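J.: A single structure is presented below for examination.
Every read-out reported here was derived from the displayed coordinates using simple, explicitly stated rules and does not represent laboratory data. Note that the structure is predicted; figures quoted are calculated from it, not measured. For neighbour counting, all protein chains shown are included, and Cβ atoms are generated from backbone atoms with ideal geometry for every residue, glycine included.
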Amino acid sequence: MYTSFSEATWRAFRSDDRLGPIHMLNLIRLRDRAEYPDGRAATGLEAYAEYSRISAAPAQANGMRIVWRGRFEMMMVGPEAERWDICFVAEYPGVDAFVNLMRHPDYRAAMAHRQAGVIDSRLIRLGAAPLGATFLANAESDNDAPPC
């Protein structure tokens, strides 16, 4: 189960400071019952809602916006039993905006609620590519671009 990134991943993320916005695909699986160190009673959803509430102001102050949100319906390719309770893509103006958010004291306080409520997650950094009629970006002019 994954609920946080490693120090090595954090360093790699920060060192790849390309121009332009970054998009972060978030896939979240919640605990039935939150696991707070102090033993307080809450569902995973209640804990994640508190994380969301506290982190909203610093996230927006750093330019974050949700550009896509959806509801998991079924796994077509991958482990059939895998499910995600919350799915969204957050856009940040750049790497610095995300780094500044992670360092914000209110966001750091909110993370206790995220850690209590989330049993598993994926956070995938994406870079935007041109839209088109085919699955491969710039298929007509860029045959070397890898597909997603």
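J.: Can you pull out the residues in segment 8-40 that are within 24 Å of W68 (Cβ to Cβ) and surrounded by 12 or more Cβ atoms within 10 Å (Cβ to Cβ)?
T.: T9, F13, P21, I22, H23, M24, L25, N26, L27, I28, R29, L30, listed by residue number.
J.: Yes or no: segment 64-71 includes at least one residue that is over 22 Å from A97 (Cα atoms), surrounded by fewer than 11 Cβ atoms within 10 Å (Cβ to Cβ) and either in contact with a Phe, Trp or Tyr (Cβ under 9 Å, 6 or more places away or on another chain) or free of Cβ contacts under 8 Å to residues at least 40 places away in the same chain (or both).
T.: So far as segment 64-71 goes, yes, one or more of its residues are over 22 Å from A97 (Cα atoms), surrounded by fewer than 11 Cβ atoms within 10 Å (Cβ to Cβ) and either in contact with a Phe, Trp or Tyr (Cβ under 9 Å, 6 or more places away or on another chain) or free of Cβ contacts under 8 Å to residues at least 40 places away in the same chain (or both).
J.: Here is a further query. Does S55 satisfy being of a type in the set (S, T, Y) and within 14 Å of T3 (Cα to Cα)?
T.: no
J.: For segment 1-116, list the strands (runs of 3 or more DSSP E) that sit wholly inside it and hold at least 1 residues that are more than 25 Å from A128 (Cα to Cα); which are they?
T.: Here the list reads 22-30.
J.: Can you pull out every residue in segment 103-120 that is surrounded by fewer than 18 Cβ atoms within 10 Å (Cβ to Cβ) and not basic (K, R)?
T.: Once the filter is applied, which keeps residues that are surrounded by fewer than 18 Cβ atoms within 10 Å (Cβ to Cβ) and not basic (K, R), segment 103-120 yields H104, P105, D106, A109, M111, A112, Q115, I119, D120.
Yes/no per residue for (1) touching a Lys or Arg at 6+ places or on another chain (Cβ under 9 Å); (2) under 17 Å from D120 (Cα atoms); (3) among the aromatic types (F, W, Y):
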position	(1), (2), (3)
R40	no, no, no
A49	no, yes, no
R83	yes, yes, no
P93	no, no, no
